[in-house]
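The values are calculated or read from the model by the stated rules, or taken from the named source; none is laboratory data. Computed from a prediction, not measured in an experiment: that's the story for all the values here. Counting neighbours? That spans all protein chains shown, and the Cβs are built from the backbone with ideal geometry, glycine included.
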Amino acid sequence: MATYYPLEDTSHLHSEAVATDGPVVRRINFSDLINALRLGWEDFKAVPSHAIVLCVIYPVLGIVLARMVLGYSVLPLLFPLAAGFALIGPFAALGLYELSYRRELGMDASAWHAFHVLRAPAFGSMLGLGALLFAIFVAWVVTAHAMYVSVFGNTPASAIPDFLTKIFTTSEGWRLIVVGCGVGFLFAAVALCISIVSFPLMLHQHADMTDAMWTSMRVVAKNPIAAAEWGVIVAFLLMLGSIPFFLGLTIVMPVLGHATWHLYRKAIESPLMSSSHEPEKIEWEKRYAADFPSVLFPPYGRKHRYFDGSD
């Protein structure tokens, strides 16, 4: 049975109508971010099984990556790989937006409904932006490796005695930490600016990739403090979810995914439209034995939109 919750009162959110620039962007604050997280948690509690279907890939991937990193003696890349989840997370949560969308409409929402996003009209645009985020992720990992080489050379971490001690107790290590965090912040900022509401917007309003990114940048430009706070919240929760062995991401990722949908609903002013990518319901006509076998062939088998009633 569908679990319905009423829409939040958004009368306190100020809007700015700019028809030529796309959707209307509201002003949001920290309390709206917390409320989005609360609604995301409610969605997660209502449909918890999707964590296994959609998000188990994260801890599994994390464990595999950790094993590869340790096995190939490139330990310094473990942190950049873990931090990279924040870059590709908005795309990976596509199915979660669909579930939150369905719950807000009062429709049935189960784990398998998440795959309905595959027939969304803007799914191609979602794939395009997902590919862009993945490219940013790869560029971040390559840059992180280059920074490590510039400080410690090509010597494998396993060949450096007390590697972690050198990272945290030497000037070279701290330089790597400071520079790495600074550069990582730039990558995260770019990803946040182009994707903070992009995927929910493409799902809900069928926006193309360019318009979705532009609208996300408008949201960040109008709410720079709230966007920065959201970035800190995401980074903090992902860090908690990565301990231990990324297993916490099975809870953190779906909650953040659902919360992103509610953040979009607070940041963008738009009516809650019905999901247009639901399969069309077919109304079957009554059939009689005297009409056999003509009833086996269309258009007699079912009613069509353009079927004239006089026929």
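The table for this structure:
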| item | result |
| --- | --- |
| Residue list for the stretch 208-222, restricted to those being surrounded by fewer than 24 Cβ atoms within 10 Å (Cβ to Cβ), closer than 15 Å to Pro121 by Cβ and of a type in the set (Gly, Ala, Ser) | none |
| Where Asp211 falls short, out of the listed (1) part of a helix (DSSP H, G or I); (2) touching a helix residue (DSSP H, G or I) at 6+ places or on another chain (Cβ under 7 Å); (3) farther than 23 Å from Pro76 by Cα | (2) |
| Selected residue (criterion: modelled with the lowest pLDDT) from residues of the stretch 248-287 that are of a type in the set (S, T, N, Q) and exposed (fewer than 13 other Cβ atoms within 10 Å of the Cβ) | Ser276 |
